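Below: one structure, written as structure tokens.
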Amino acid sequence: MAAHRPLIDALRASFAAHADAARAAPMQAYMKSDLPFHGIAAPLRRQLTAAVVQQHPLGDSLTLSDTMRALWDEARFREERYAASELARQRPHRPLLALPLLPVFEHMIVTGAWWDHCDEISAQAIGPLLARHPAAMKPVLRRWARGDDLWLRRAAILCQRGLKREFDAALLVECILASIGPSSAANPWPGEFFLRKGIGWALRERSYDAPDEVRAFCAEYAAQLAPLTLREALKALKRRGA
């Protein structure tokens with residue numbers, strides 16, 4: 001299989017036609033991005049991407065994967081990377097979101113190496129893959145949670161937000177425990193902001209459905225959780241007086 005060049009070319013042309021130079025520099029500065037921006041707001045970017053996909057729908061997961069990777073790796077503007085990660089969630093492509101896409105999503109998380117890419121992909125791609133293919137995905141997430149890449153660790157922790165019936169509380173705990181506690185070869189970022197924040201966010205989301213579970217976890221591991229993590233995890237419970 002090979003990347004579908006008409007889709008890529010059409011996306012680039014559409015983005016270039018809607019560029020806003022006044023917005024581009026502030027967006028690049030806010031995201032601390034090496035890639036420049038076109039200056040396209042997210043709602044418009046998604047509309048443009050959807051319109052192009054309607055004109056150039058792809059027929060199988062492997063072609064979709066190759067197209068996503070080419071658009072991502074060859075990106076000249078950050079909006080192209082956003083579009084690459086969003087191609088699988090477009091309506092014509094939703095049936096194609098399957099395990100063959102996992103390597104390209106992992107590649108995007110690692111090479112994107114920032115919270116916007118990690119959080120979007122974890123919620124919109126990794127979570128649905130986990131729900132559809134739990135037996136295959138759970139070992140992958142355990143590997144990510146114990147691995148050397150910070151962003152894969154964060155993705156493993158955050159990917160279940162939004163899941164309901166398919167949520168696996170034991171998996172979440174296992175992924176969190178890999179990133180808390182004293183520094184070690186297996187846990188090189190005990191004070192890393194993005195992990196502390198991500199753990200707190202995941203626990204806060206869980207607290208809406210399982211407040212007692214989150215309260216008990218925070219009490220048991222209070223000495224190993226950063227103050228930021230505890231504040232984030234218990235924020236919704238305190239607000240509701242739970």
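Once you order the gyration tensor axes a ≥ b ≥ c over the Cα atoms, which shape class does the range 94-137 get: rounded for a/c under 1.5, otherwise prolate or oblate by comparing a/b with b/c? It comes out prolate by the Cα gyration axes. Using a cut-off of 18 Å between alpha-carbon atoms, which aspartates and glutamates can reach K235, once sequence neighbours fewer than 8 places away in the same chain are excluded? Hits, sequence-local ones excluded: E205, D209, D212, E213, E220.
Cα convex hull of the range 1-74: how many Å³ per residue?
92 Å³
Here the accessible area of the range 1-69 is 58 percent carbon and sulfur, with a 1.4 angstrom probe and all protein chains present. Think of the range 1-93 as having a plus end and a minus end, set by charges on the Cβ of Lys, Arg, Asp and Glu; of A17, G59, A70, A17 sits farthest toward the positive end of this dipole. The length gained by stretching the chain between H18 and A113 to full extension, at 0.36 nm per residue less their Cα-Cα distance, is 31.5 nm.
What ranking of D168, D66 comes out by heavy-atom accessible area, probe 1.4 Å, highest first?
Correct descending sequence by accessible area is D66, D168.
Between the range 142-168 and the range 221-242, the C-alpha centres lie 19 angstrom from each other.
Run the helix sum for the chain: -39,500 (n - 2.57) per DSSP H stretch of 4+ residues, divided by residue count, reported at 222 nm to the nearest 500 deg cm²/dmol.
Calculated mean residue ellipticity at 222 nm is -19500 deg cm²/dmol.
Using a 1.4 Å probe and ignoring any ligands, DNA or RNA, find the accessible area of R215 and quote it in Å² to the nearest 10. About 90 Å², rounded to the nearest 10. Its residue count N sets the reference 2.2 N^0.38 Å, and the alpha-carbon radius of gyration of the range 24-175 equals 1.03 times that reference.
Of all aspartates and glutamates in the structure, those lying under 15 Å Cα to Cα from K138, and not within fewer than 8 positions of it along the same chain, are E106, E166, D168, E174. Look at where the Cα atoms of the range 192-211 and of the range 1-33 average out, and the two centres are 32 Å apart.
Length gained on full extension, R143 to A42, computed as 0.36 nm times the residue gap minus the Cα-Cα distance: 33.2 nm. Charges were assigned to the Cβ only: +1 to each Lys and Arg, -1 to each Asp and Glu. The resulting dipole of the chain about its Cα centre is roughly 660 debye. Compared with the alpha-carbon gap, the fully stretched path from R94 to R231 is longer by 45.7 nm at 0.36 nm per residue. For Y30 and R239, a Förster radius of 22 Å and the Cβ-Cβ distance give a FRET efficiency of 0.20, rounded to the nearest 0.05. Within the shell of other residues whose beta carbon sits under 13 angstrom from the beta carbon of S61, the net charge comes to +1, with Lys and Arg scored +1 and Asp and Glu -1. Excluding residues fewer than 8 places away in the same chain, name every one of the lysines whose C-alpha is closer than 22 Å to that of K238. Within the straight-line limit of under 22 Å, K238 reaches these lysines: K197.
The values are calculated or read from the model by the stated rules, or taken from the named source; none is laboratory data. Not measured: the values here are computed from a predicted model. In this analysis, Cβ positions are derived from the backbone assuming ideal geometry, glycine residues included, and neighbour counts consider all displayed protein chains. Protein only, heavy atoms only, side chains kept; ligands, DNA and RNA dropped before computing areas. Shrake-Rupley method; radii C 1.70, N 1.55, O 1.52, S 1.80 Å.
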